[in-house]
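Here is the structure we will look at, set down as structure tokens.
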Amino acid sequence: MARILKNKQLMNTKLATNYGGWMYCNQCGENIGYLCYSTYDKLELTYECNCGSKGSMLFDFEDSKNGQKCTDELVIIKNRLCCGLDNEPLITILEKK
Ligand SMILES: [Zn+2]
């Protein structure tokens, strides 16, 4: 399902596709993690790569709804951070990289 991006800001970060897939650090080119495509409406992420480069991502979509504030902790299933309410996988961060 294609969605129309409203806002997209990538800082020091490359993404394999338009709004999902593997994420890469611009500075060292290392694979940072994997973003699941369809399970989020808005994403804000800031991180620091092990090479010291700081990056961030911000996305939302034309059809984004104002999400409910989710107060539940994200749960980790396998190596994915998942929503605490429905256990949908959201994002994988490769911490060793
Ligand atoms: Zn890096």
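Coordinate-derived values only; no laboratory data. Note that the structure is predicted; figures quoted are calculated from it, not measured. Cβ atoms come from the backbone with ideal geometry, glycine included; neighbour counts cover every protein chain shown.
For ASN12 and VAL75, what does the FRET efficiency come to when R0 = 25 Å and r is the distance between their Cβ atoms, rounded to the nearest 0.05? Working from the Cβ atoms, E equals 0.35. Potential lengthening of the chain between ILE4 and LEU58 amounts to 18.0 nm, from the contour at 0.36 nm per residue minus the alpha-carbon distance.
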